[in-house]
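The structure under discussion appears below in the form of structure tokens.
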Amino acid sequence: MSSSAPGPELLGTRLRHLLDQLDGDVAAVYADRGLEWFRPRYAPVVRELAASGPSSIRDLARATGVTHSAASQTVAQMVKEGLVVLEPGADARSRIARPTPKAEALLPVLDAESAATTAAAAELEAELGYPLSRLVGEALDALARRPMRRRIADAMMDT
């Protein structure tokens, strides 16, 4: 890479690349343990269900910090993998996810991976000039105050 790093014009591309590297390496850890089929996005859901018991998709989304749509897609994939079953909720629109014995059997591996990933993330952040977790939090807060769509529209009006 050249000495002059790309600026904000490639922010989305570089963030996707960073996420791909992080997720790819966590997936490789699962593969090293014979869980090639297990996706990193499943872990927070399994751990939340183990901690809180059967939960609605909406509650899982809130607890894991993703959108309802993302949680719904993840749970649908987990149903196919035999990690959760879905049951009707209190109203016709809600569904309750319940972990299967297959998911519960993974908890020791997921707990060990989570602790190791937390330690590795702390080590990574120690090498950076600014903690990545703090920066991501600040970026999400700033976008909640004023979404990127609005920022782009305002910038287009200025040109």
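The values are calculated or read from the model by the stated rules, or taken from the named source; none is laboratory data. In this text, all values refer to a predicted model and were calculated from it rather than measured experimentally. With ideal geometry, Cβ positions are generated from the backbone for all residues, glycine too; neighbour counts draw on all protein chains shown.
Annotations for the structure displayed:
- Within the stretch 107-159, the set of residues being surrounded by 11 or more Cβ atoms within 10 Å (Cβ to Cβ), closer than 23 Å to Glu36 by Cα and among the hydrophobic types (A, V, I, L, M, F, W, C) comprises Leu107, Val109, Leu110, Ala112, Ala116, Ala120, Ala121.
- Look at the stretch 56-76: where a residue is touching a residue at least 24 places away in the same chain (Cβ under 8 Å) and a partner is among the hydroxyl-bearing types (Ser, Thr, Tyr), sitting 6+ places away or on another chain with Cβ atoms under 6 Å, you get Ser56/Ser94; Ile57/Ser72.
- Applying a threshold of 9 Å to beta carbon distances and a minimum spacing of six or more residues, or different chains, the list of pairs starting in the stretch 104-133 at a residue that is more than 30 Å from Val79 (Cα to Cα) and ending at one that is surrounded by 10 or more Cβ atoms within 10 Å (Cβ to Cβ) and among the hydroxyl-bearing types (Ser, Thr, Tyr) reads Glu125/Ser133.
- Restricted to the stretch 66-93, and to residues there that are part of a loop (DSSP other than H, G, I, E, B) and out of contact with any helix residue (DSSP H, G or I) (no Cβ under 8 Å at 6 or more places or on another chain), the residue that is nearest to Val45 (Cα to Cα) is Gly89.
- Within the stretch 16-57, the set of residues being closer than 13 Å to Ala103 by Cα and outside any helix (DSSP H, G or I) comprises Leu35, Trp37, Phe38, Arg39, Gly53, Pro54.
- Against the criterion of being among the acidic types (Asp, Glu), more than 25 Å from Ala119 (Cβ to Cβ) and either in the same structural domain as Leu107 (by TED's automatic domain parsing) or surrounded by fewer than 17 Cβ atoms within 10 Å (Cβ to Cβ) (or both), Glu9 qualifies.
- Of everything listed in (1) assigned to a helix (DSSP H, G or I); (2) touching a Leu at 6+ places or on another chain (Cβ under 9 Å); (3) more than 30 Å from Glu125 (Cβ to Cβ), the single unmet condition for Ile96 is (1).
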